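Some notes on the structure that comes next.
The values are calculated or read from the model by the stated rules, or taken from the named source; none is laboratory data. As the structure is a computational prediction, the values presented were derived from the model and not from experiment. Cβ sites come from the backbone with ideal geometry, for glycine too, and all protein chains shown count toward neighbours. Protein only, heavy atoms only, side chains kept; ligands, DNA and RNA dropped before computing areas. Shrake-Rupley method; radii C 1.70, N 1.55, O 1.52, S 1.80 Å.
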2 protein chains.
Amino acid sequence: MTEVEKAQRVRRGMERVTMMDVARHSGVSASSVSLFLRKPEAVSAKIAPRIAAAIEKLGYVPNYVAGGLAAAGSRVVSVIVPSLRNAFFSETVSALEKNLSRNGLQTLVGHTEYSLEQEERLVRAALSWAPAAIVLTGNDHTDGTRNLLLKTATPVVEMWELPDAPIDCAVGFPHEEVGRAMARHFIARGYENVAFLGARLDEDTRAASRARGFMEEMREAGCKAQLISDPAPASTATGARMLDAIGNDVRAVACSNDIVALGVLFEAQKRDLTIPDRLAVAGFGDLDFAANCVPPLTTIRPQAEQIAETVANCILNRESEQRSYRTDFALIPRRSA
Amino acid sequence: MTEVEKAQRVRRGMERVTMMDVARHSGVSASSVSLFLRKPEAVSAKIAPRIAAAIEKLGYVPNYVAGGLAAAGSRVVSVIVPSLRNAFFSETVSALEKNLSRNGLQTLVGHTEYSLEQEERLVRAALSWAPAAIVLTGNDHTDGTRNLLLKTATPVVEMWELPDAPIDCAVGFPHEEVGRAMARHFIARGYENVAFLGARLDEDTRAASRARGFMEEMREAGCKAQLISDPAPASTATGARMLDAIGNDVRAVACSNDIVALGVLFEAQKRDLTIPDRLAVAGFGDLDFAANCVPPLTTIRPQAEQIAETVANCILNRESEQRSYRTDFALIPRRSA
DNA sequence: GGTCAAAATAATAGCGCTACGATTTTTAAC
DNA sequence: GTTAAAAATCGTAGCGCTATTATTTTGACC
């Protein structure tokens with residue numbers, strides 16, 4: 001390296017140890033070092049230890065940015081969820097990261113705060129990283145998002161919902177059926193005057209689908225069912241507030257998720273409404289506290305981990321022809337309903 | 001582009017529209033397009049719209065990988081937290097992502113599952129992306145991690161704790177003081193026989209610091225204080241289980257976080273222990289349910305958003321000399337203790 | 001030892017972009 | 001109109017790595 005070149009590297013803030021340095025130090029070519037790093041079994045036992053020693057000695061850290069450019073594709077997977085504050089998604093991202101990192105893929109997260117415009121911006125930014133795949137939540141996207149994704153060669157996975165026409169690949173379950181399952185449970189228990197308490201249904205289209213399924217099934221069975229909704233995010237406070245809005249004769253409420261249900265439980269306790277005798281309560285999510293609260297919460301377990309594993313599989317085994325993967329959900333009957 | 005070149009690009013899966021294509025299309029040089037993208041005000045009003053039109057027409061998506069290589073530094077910030085399932089960290093990541101994305105930075109998350117070895121692996125991978133900054137949780141790292149980070153020119157922020165000697169920059173608060181504050185609250189309320197219920201204290205060093213501060217302050221005041229700990233992650237079930245382990249005469253428990261406290265609340269309710277008369281309960285975190293549960297939970301609010309904002313500031317305004325930023329916490333007295 | 005195929009290694013040519021310095025155009029001042 | 005300074009634009013030379021092709025080495029077999 002000439003003095004000028006060195007000066008330039010310093011100027012650009014790039015004094016890092018390069019693969020070339022490792023190559024020189026171990027007396028092999030840069031190609032061999034690269035090969036060693038990507039397929040260690042492909043280099044002979046003679047030079048492998050020499051390269052390993054040089055890497056160790058020089059403290060070489062590979063530059064994925066350069067690698068990604070040369071290999072025309074980075075080892076990141078971009079995951080876009082509505083919110084990380086929501087336990088479903090933080091759990092999914094967590095499980096996904098675990099599965100992907102096992103295969104040398106890194107996770108770039110973005111959250112849309114339930115805004116489709118924000119989602120489009122994030123997809124645009126994600127594509128700029130030439131990611132190995134893009135994972136989105138749900139199937140409700142702007143036309144711009146859809147166009148961007150249809151044009152690209154990057155694998156796309158939509159998760160948590162099952163669209164009729166996936167952009168590329170989808171993993172999830174039909175939320176309407178979840179709502180219907182809960183309704184059937186209510187009917188079996190003899191609850192004939194019920195309500196659905198939904199938080200943020202305008203934005204949370206999955207919760208809205210559950211609400212729709214629930215309401216339809218209840219009404220088809222000739223029951224009285226009322227839909228309460230609150231624009232605020234799901235929280236115990238929202239749950240408590242929505243309880244105010246239901247009629248006094250309502251026997252059971254299905255909540256858009258367990259947090260809302262917990263709020264209802266607390267509020268009922270404050271008002272001395274016995275659960276489930278005076279009011280039955282059910283949630284969605286089977287969050288940590290659902291099994292331990294008082295009374296234990298009847299809910300639906302969505303299998304976030306199964307979703308994450310299936311998404312990871314989709315990304316890792318691209319050859320499969322299947323475009324749509326249905327994951328399980330299970331109604332967990334406990335004492336609250 | 002010759003036929004051979006085109007074939008090569010196709011072979012490598014890189015048929016994407018490049019900046020050069022945009023330049024040709026708008027009759028300017030690639031440099032001008034690059035400049036327009038980075039500093040739109042630096043190009044004349046004559047060519048700007050032509051470039052914009054070409055970008056739009058061709059559907060050009062910039063390649064940050066190439067950009068990052070050329071500019072010797074990518075626009076990603078790598079954030080490493082113990083777990084995304086933990087509400088503190090998912091909230092911090094969420095707030096951080098919001099603050100950083102406003103400034104065109106993207107967030108690469110990794111989670112260590114409370115393993116320092118895993119953290120080192122993640123730091124290594126993170127450095128490979130030549131990130132704009134690396135954000136770590138806490139100050140407990142392997143020597144390897146520390147060496148890697150001390151050698152690099154990349155800004156490093158340790159958050160949620162205040163190390164004596166930050167690697168580079170730190171944002172957080174002293175958890176021992178949090179424990180002491182809670183102890184003083186207990187003392188003021190006249191609880192003289194108390195316990196600290198800690199989940200996963202071996203790995204969660206912050207909770208362990210709170211426990212230490214709490215125990216010391218209680219004992220310095222001449223009170224009886226017992227430390228219960230459970231290796232399982234914080235959950236309502238863990239809280240309920242730990243309640244079994246305390247003596248019958250314990251008057252108050254401080255929990256390592258609100259989830260554990262909630263478990264204690266549930267278990268107490270099951271056993272008809274009146275709270276706070278028979279047993280006072282306090283948590284840490286001021287999670288959503290803390291204000292709404294029965295009785296409302298006395299807890300400590302750690303200001304996760306303030307941490308995130310300060311971290312973002314550290315990253316964005318590098319010129320500051322300050323290395324250590326203390327964020328606030330507040331004891332929120334409610335009915336449970 | 002010589003031949004040939006297979007395995008291991010090396011050389012080459014970019015990936016798409018940005019920093020830098022060089023060049024051209026515009027503006028300002030006289 | 002000239003000139004200098006400033007602004008706008010362009011051309012070049014890589015950033016550090018990998019895919020591909022070319023070359024060398026090894027090993028198997030006669």
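Here are a few things to note about the model shown:
- Scanning the stretch A:236-250 for residues that are open to solvent by 10 Å² or more (accessible area, probe 1.4 Å) and either touching a Gly at 6+ places or on another chain (Cβ under 8 Å) or modelled with pLDDT of 95 or more (or both) turns up A:237, A:240, A:241.
- Condition broken by residue B:159, with the remaining ones in (1) open to solvent by less than 20 Å² (accessible area, probe 1.4 Å); (2) farther than 18 Å from residue B:210 by Cβ; (3) of a type in the set (A, V, I, L, M); (4) in contact (Cβ under 8 Å) with a residue 40 or more places away in the chain satisfied: (2)
- The condition (being assigned to a helix (DSSP H, G or I), away from chain A (no Cβ under 14 Å), touching a residue at least 24 places away in the same chain (Cβ under 8 Å) and of a type in the set (A, V, I, L, M, F, W, C)) is satisfied by just one residue among B:259, B:307: B:307.
- Search result, residues across the stretch A:123-141 that are in contact (Cβ under 8 Å) with a residue 12 or more places away in the chain and either more than 18 Å from residue A:206 (Cβ to Cβ) or within 13 Å of chain B (Cβ to nearest Cβ) (or both): A:123, A:124, A:125, A:126, A:127, A:129, A:130, A:131, A:132, A:133, A:134
- Hits in the stretch A:117-126 - residues which are surrounded by fewer than 22 Cβ atoms within 10 Å (Cβ to Cβ) and touching a helix residue (DSSP H, G or I) at 6+ places or on another chain (Cβ under 7 Å): A:120, A:124
- Any chance residue A:261 is in the same structural domain as residue A:182 (by TED's automatic domain parsing), at pLDDT 95 or above and in contact with a helix residue (DSSP H, G or I) (Cβ under 9 Å, 6 or more places away or on another chain): yes
- Looking only at residues of the stretch B:286-334 that are acidic (Asp, Glu) and within 30 Å of residue B:269 (Cα to Cα), we find that the one that is surrounded by the most Cβ atoms within 10 Å (Cβ to Cβ) is B:286.
- Check on residue A:165, modelled with pLDDT of 90 or more, among the small types (Gly, Ala, Ser), closer than 17 Å to residue A:324 by Cα and open to solvent by 10 Å² or more (accessible area, probe 1.4 Å): yes
- Hey, residue A:112 open to solvent by 20 Å² or more (accessible area, probe 1.4 Å), within 28 Å of residue B:57 (Cβ to Cβ) and polar (S, T, N, Q) or not: no
- Residues that are assigned to a loop (DSSP other than H, G, I, E, B) and open to solvent by 10 Å² or more (accessible area, probe 1.4 Å), drawn from the stretch A:168-183: A:168, A:174
- Of residues in the stretch A:76-112 being modelled with pLDDT under 90 and more than 9 Å from chain B (Cβ to nearest Cβ), the one nearest to residue B:77 (Cα to Cα): A:105
- Filter pass, residue A:273 being part of a loop (DSSP other than H, G, I, E, B) and either assigned by TED's automatic domain parsing to the domain that holds residue A:160 or of a type in the set (A, V, I, L, M) (or both): yes
- Candidate set: the stretch A:45-69, residues that are open to solvent by 60 Å² or more (accessible area, probe 1.4 Å) and within 7 Å of DNA strand C (Cβ to nearest atom); chosen: the one farthest from the other protein chains (Cβ to nearest Cβ): A:46
- Among the residues of the stretch A:20-33, those identified as buried (at least 18 other Cβ atoms within 10 Å of the Cβ) and in a helix (DSSP H, G or I) are A:22, A:23, A:25, A:26, A:32, A:33.
- Pairing residues of the stretch A:22-48 that are closer than 22 Å to residue A:70 by Cα with residues that are more than 12 Å from DNA strand D (Cβ to nearest atom) and open to solvent by 70 Å² or more (accessible area, probe 1.4 Å), at Cβ distances under 8 Å and at least 6 apart in sequence or on separate chains, gives A:28/A:50.
- Residue tally, condition more than 10 Å from every other protein chain (Cβ to nearest Cβ) and open to solvent by 20 Å² or more (accessible area, probe 1.4 Å), over the stretch B:142-153: 5
- On inspection, residue B:14 qualifies as in a loop (DSSP other than H, G, I, E, B), closer than 19 Å to residue A:128 by Cα and at pLDDT below 90.
- Scope the stretch A:125-152; condition closer than 28 Å to residue A:209 by Cα and charged (D, E, K, R); matching residues: A:140, A:143, A:146
- Scanning the stretch A:12-32 for residues that are away from chain B (no Cβ under 11 Å) and near DNA strand D (Cβ under 7 Å from one of its atoms) turns up A:18, A:19, A:20, A:30, A:31.
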